[in-house]
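Student: Mind looking over this structure? Questions follow.
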Amino acid sequence: MNMKIVIGVIILLPVLAHGAYALATSPIADYYITVDQYAARSANTPVRIGGQVVPGSIRWDNATRTMRFTIAGENAQVNIVYRGVAPDSFRDGVTTILDGARSADGSFLATTLTVKCPHQYLPAG
């Protein structure tokens, strides 16, 4: 019975390794698009974008529980509107990942806000 397990592992290991490689190199592996890629898009479809919070751009409106800030890429910036609770680690200069879509005025209406840390992603709330 142990020989069957060894043979099964020998057969499955290359198949699993190939699957992992294919997934890692596929477009599905892109967790988010950059600010520059988003700025080049014309479609108003839901998307996940990531960029660095521009220092001094964070504005909070207590009455509406709305946060406005700007994220930057290499060549472009996007104005963000987010309603909700931000993670404690959200501040100027951090890289943030946002789900949402472009609004009529051109800003990005974020439905989720996640702060990218060196070793993990921290969700809001």
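Student: Return only the number of the condition from (1) surrounded by 15 or more Cβ atoms within 10 Å (Cβ to Cβ); (2) modelled with pLDDT under 90 that residue 98 does not satisfy.
Tutor: Failing condition for residue 98: (2).
Student: Shifting gears a bit: Can you name the residue in region 13-41 that is modelled with pLDDT of 75 or more and outside any helix (DSSP H, G or I) and, of all such residues, is farthest from residue 102 (Cα to Cα)?
Tutor: Looking at residues that are modelled with pLDDT of 75 or more and outside any helix (DSSP H, G or I), I get 31.
Student: With respect to residue 99, is the statement that it is in the same structural domain as residue 40 (by TED's automatic domain parsing) and more than 13 Å from the chain's Cα centre (by Cα) true?
Tutor: Criteria not met by residue 99.
Student: Let me confirm something: among 58, 80, 97, 49, which residue is touching a helix residue (DSSP H, G or I) at 6+ places or on another chain (Cβ under 7 Å) and of a type in the set (Val, Ile, Thr)?
Tutor: Working: 58 fails: touching a helix residue (DSSP H, G or I) at 6+ places or on another chain (Cβ under 7 Å); 80 fails: touching a helix residue (DSSP H, G or I) at 6+ places or on another chain (Cβ under 7 Å); 97 fails: touching a helix residue (DSSP H, G or I) at 6+ places or on another chain (Cβ under 7 Å).
Step by step, each of 58, 80, 97, 49 is checked, and only 49 is touching a helix residue (DSSP H, G or I) at 6+ places or on another chain (Cβ under 7 Å) and of a type in the set (Val, Ile, Thr).
Student: Considering only residues that are touching a residue at least 40 places away in the same chain (Cβ under 8 Å) and in a strand (DSSP E or B), which ones fall in region 68-108?
Tutor: Selection gives 77, 78, 95, 96, 97, 98, 99, 100, 101, 102, 108.
For (1) on the phi > 0 side of the Ramachandran plot; (2) at pLDDT 95 or above; (3) surrounded by 17 or more Cβ atoms within 10 Å (Cβ to Cβ); (4) assigned by TED's automatic domain parsing to the domain that holds residue 41, each residue gets a yes or a no:
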| residue | (1), (2), (3), (4) |
| --- | --- |
| 70 | no, yes, yes, yes |
| 75 | no, no, no, yes |
| 85 | no, no, no, yes |
| 90 | no, no, yes, yes |
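The values are calculated or read from the model by the stated rules, or taken from the named source; none is laboratory data. Note that the structure is a prediction, hence the values are computed from the model and not measured. Counting neighbours? That spans all protein chains shown, and the Cβs are built from the backbone with ideal geometry, glycine included.
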